[in-house]
Every structure is written in structure tokens, then in C-alpha cells.
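Beneath this line is the structure, given in C-alpha cells, with notes to follow.
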């Protein structure tokens, strides 16, 4: 069951839906009665991408296609990857990322759609020993778009992978990351932010499998939902038998700012090894009324106080982005949405 | 300046203030003393507009303007400042950012220009030096991980920077050692002026040795039951609140 297969075969029976445990909160089968026609090639100007100021090396896929980003040993690069959708067709993209031994890549990935497209991006990402990748994913999707991104990440010992997914939702949006963690002092940071308004939906799903000893995973996702928006967080960390000395921490925290907004969260730890340090925390609530009064007593209007406190809530995740330029882009992006 | 007349207020349907009247003229410092549960903190929250306090009667005006009709931020812009008994921790917001946001919000509300960044930093450096606050502390999230004494000093710093006209100090001495008490009191006394007035709420007389009041009021059972000069505070320290509690009952 996958959106990619459904698009390829033009068969709605292949769409994932409620009956698939992993997709019960992001039901595509119930949503899409007929798949749209395949997208036409788009020849027009797609405008600027959100990370254009950070690198001159930009790879743009419009309405699907294939791209490979391969880096040799010890290379260092920053690449913007733009997955652009125009119009109301269906399409799929395939992306391969290979980071060679001791190489370093900053990958700035964006999902940009205009129109009621149905799209899938499938990414295969592999890191060699000692390689470093920081992946920043930002979405700017049409309110009518259906968009799924699925990344399969393979780490090697002593590699470092850091990811921050920043999502504003779509009609249905799913951003999925599956990581095979070999241990061996490889480190993984897997963060997320979602700021959702109107009737937008966003699903961040991650699965990390620790296969051997001495692996580290830190994960922090924070979300803010208002209006009738719906945020979904599913995080699973599996520590296989023998993957001792694994250290894995997962946190998901959400603010619900209106009665009709919704957050569904499922943090899961599956531990089959004995000697591990694992923890998870999950909270869903409203803004602290005492802090809100305190800020208002000092002179801030209610909307201003709410925006300040909400920005601060999200700020903890933003601050963990290592690339300074990307951090500034994300901070400005969040401020613009929260002060709207 | 402040004029409170026959004020009644309830929390969750339970009446806490039962006909409180109080007048604090400009240029004066008045102390409110009283036993636990007398309504001291309720008075500070009612005057600043906190949610959950229902005004069931009476009036409160500042220079003739109805305070009770204004939102908390509108009251702040008119110069009402409350130094909290328990200052809130604001994770993720550096103290400098918080204070600058508040100051500019007040200025905008009064139709004044926002303060420039260099001007703001100059002011923050000067005021924090006065209060012996390490300037680097202002770059940290407001009050997060601060000691009780540090939090109180941050309250006085905000007060000094926002330069309010009517100051309410709610149990400002709690959690302060004797050195911190002196620093905080000096900060408060520096703000005394003919245009300003202060209401100092305290359970103990100790603070009033440092911030000398013009008048002392005893709040018991939701009403002012006695008023007098500074000597009244000493009498309360000696004899306790018992006879006023009986009077209120």
C-alpha cells in the first residue's frame, strides 16, 4: 500500500488508509475517490525557493522526476532540493542521496505546491562511515494538495545525521522518515515542528531501528495547531536484541490553541536489549494562562503575548538546527505564521 | 492617584474583598499589611485585571479613569505595574527580549515611538548595574533557573525600565536575604517621586524599615479595618493581627 504505487498504477485500491495501522490518522483511501490525471510537464517560472539565499547549488524537480545527489569522500557541500508541484495532477519523485566517507552535506529540502496536486516523493539517503548530513525540510503546500514524502535513511558507524522537518500542512500531508541505525557511535537527531491553521493536516512519522551497540538518538517534535487543523505525530524507536548501550530520547509536545483543532500522538519505544537508556515524553495542552497574564501585566496585548510565548515554545526546536542560515530562515518562517 | 471605593470581588463565587476602600495620593507610599488569607493578593490581581476575579461591586480609578473597565495591558500602558509575589518563568524568551517587547508594546499603546535597540541596551545596562544584576543574565530565558532573590531583582529591573506611575509590590521581600533586600529596596526607593504612588503589600514589617511608608493599612476579612502612620506597622509586629481578625469577623 503506497501512494507511489497508486499513482503509478492509477489504482485507488493501493492507497493506504484507515485499516493500515500506520496510516489510521492520515487516511488517503477515504479521501481520494479517483486519482487525478498524471501531471503535465511545467515549463513556467517556479519563483524563488525558501533556501535560495543559503546556496547556489539548487536542484529543482517540477511535477516529479528523478535526481541523485552524490558526494565523494571528504567533500563538503550545501544543496537546495526543491520538490515543486504545479497544477492539479498526480506525480511522483525519486531522490537518491549518497554521502561518502567523512563527507559533509547540508541538504535544504522544500515542498512547494500550487494547486490540488497529489504527489509522492521517495528518498533514499545513505551515509558512509564518518559522514555528516544535516537535512532541513520545509513545506509550503497548497491547502488543497495531498503530499507524501518518505525517506529511507541508512547510517554507518560514526556518521552523524541531523534532521528538522518544518511543516505547515496541506489537505493531507505526511512526512515520514525511517532510519536504520547501526550503532557504532553514529548519532541521530530527528526533530520536527508543525504550525497548522485552517483545515490543514500534517503527519510526521518516524521509525528508528537501532540494530547494534553504541547508538544515540535524540528526537524532539513540537507542534502548534489552531482553527480546525490536525497534527499527527507517530514516533517509534526500536532497539533490537543485542543493541546494548543504546541511548534514545524522544519528546513530542503540542499546543492546541482552539477547541476544534486536534493532535494525535503515538510515541512508542520497543526495546529488546537489556542495557539501554531510553525515555520518551509527550504532552498536549494549552498555553500557560499564568505566563500569559504576566506578559499582559507588563504591557503586551493578548495576541502579542500569545505569539511571544508560542514562538518561545517552538524556539527550543529551532535552536537545535546547526546551520545558522537555515536557523534564521526557520525562525523567520515561524514568526511570520505565529504573528499572522 | 488611586481611588478604591467599596470594592467587592469574588473568586469562584466566594467573596474575598468585602467593601474595600483605599486612597493613595500621588507622591505617597502606602503599605497594606494583613494576615494570610485577608485578600492581599486578590487586591493586587483585581487592580491589574487578572482573569477569574469577579468584581461584584464598587469602583477603582486611577487619576479618575475607571481601571476595572481596562484590559491588563491597557492598565500597564497607563502605568500600573505589579511586582509579582511569585514571578513567572518564561522558557525560551531571553529577559532582554521580554522587557523590550513589553516596553515597546506600552509605548505603542500610548502613541509613542518604539525605543531603538542601542537606546534600549544602554538603559538595560544602566539599570542592571544599579541593581547589581550581571548583564549576561538578561540574555538567559526570563526567570528560568533563577533563585528566588534573582527573580525579585528581575521584577525591580523591569519596574525600573518600564518606569510605571502606580506600583504594586506584592510580598517583594519574601525570599530575599538581607543584602538582596537592601538592593531591591534601594531600587524601589529610587522610583519614589511626586508623580508616582506605591502600594506595598507585605505580611511582615521588615520591608517597611527599608521602604518607609507614608500610611499603613490593615487588611483583614476583605476590608481595610485600620489605618495609621508608620508606627502602626511596628504595633502589628509586636502585637500581631489577632485583634484585627476578631474585628473583621
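Of all residues in the stretch B:134-144, exactly one satisfies the criterion of being surrounded by 12 or more Cβ atoms within 10 Å (Cβ to Cβ) and without any contact (Cβ under 8 Å) to a residue 12 or more places away in the chain, namely B:135.
Checking every residue in the stretch B:66-73 against the condition of being in contact with a strand residue (DSSP E or B) (Cβ under 8 Å, 6 or more places away or on another chain), surrounded by fewer than 22 Cβ atoms within 10 Å (Cβ to Cβ) and either more than 10 Å from every other protein chain (Cβ to nearest Cβ) or at pLDDT below 95 (or both) gives at least one match. When residues in the stretch A:1-41 are screened for being in a loop (DSSP other than H, G, I, E, B) and buried (at least 16 other Cβ atoms within 10 Å of the Cβ), 13 of them pass.
Scanning the stretch A:42-58 for residues that are free of Cβ contacts under 8 Å to residues at least 24 places away in the same chain and surrounded by 11 or more Cβ atoms within 10 Å (Cβ to Cβ), which turns out nearest to residue A:76 (Cα to Cα)? Checked the stretch A:42-58; the qualifying residue nearest to residue A:76 (Cα to Cα) is A:57. Would you please list the contacts, defined by Cβ atoms under 8 Å and residues six or more apart or on different chains, that run from a residue in the stretch A:283-296 that is within 12 Å of chain B (Cβ to nearest Cβ) to a residue that is assigned to a helix (DSSP H, G or I) and surrounded by fewer than 16 Cβ atoms within 10 Å (Cβ to Cβ)? Every condition considered, the pairs that remain are A:292/A:302; A:296/A:302. In this structure, residue B:145 qualifies as assigned to a loop (DSSP other than H, G, I, E, B) and out of contact with any strand residue (DSSP E or B) (no Cβ under 8 Å at 6 or more places or on another chain). Checked against (1) within 28 Å of residue A:324 (Cβ to Cβ); (2) in contact with a helix residue (DSSP H, G or I) (Cβ under 6 Å, 6 or more places away or on another chain), residue A:70 passes all but a single condition, namely (2).
Residue count for the stretch A:297-337 satisfying the condition of being within 19 Å of the chain's Cα centre (by Cα) and at the interface with chain B (Cβ under 7 Å from one of its Cβ atoms): 3. Do we have any residue at all in the stretch B:123-133 that's facing another protein chain (nearest Cβ under 10 Å) and either touching a residue at least 60 places away in the same chain (Cβ under 8 Å) or on the phi < 0 side of the Ramachandran plot (or both)? Within the stretch B:123-133, not a single residue is facing another protein chain (nearest Cβ under 10 Å) and either touching a residue at least 60 places away in the same chain (Cβ under 8 Å) or on the phi < 0 side of the Ramachandran plot (or both). Against the conditions (1) more than 29 Å from residue A:311 (Cβ to Cβ); (2) without any contact (Cβ under 8 Å) to a residue 60 or more places away in the chain, residue A:122 satisfies every one except (2). Of the strands (runs of 3 or more DSSP E) contained entirely in the stretch B:1-117, those carrying at least 1 residues that are more than 16 Å from the chain's Cα centre (by Cα) and in contact (Cβ under 8 Å) with a residue 12 or more places away in the chain fall at B:2-11, B:14-24, B:53-62.
The values are calculated or read from the model by the stated rules, or taken from the named source; none is laboratory data. What you are looking at is a predicted structure, and each value in this text was computed from that prediction instead of being measured. Neighbour counts are summed over all protein chains in view; Cβ atoms, including those assigned to glycine, are modelled from backbone coordinates with ideal geometry.
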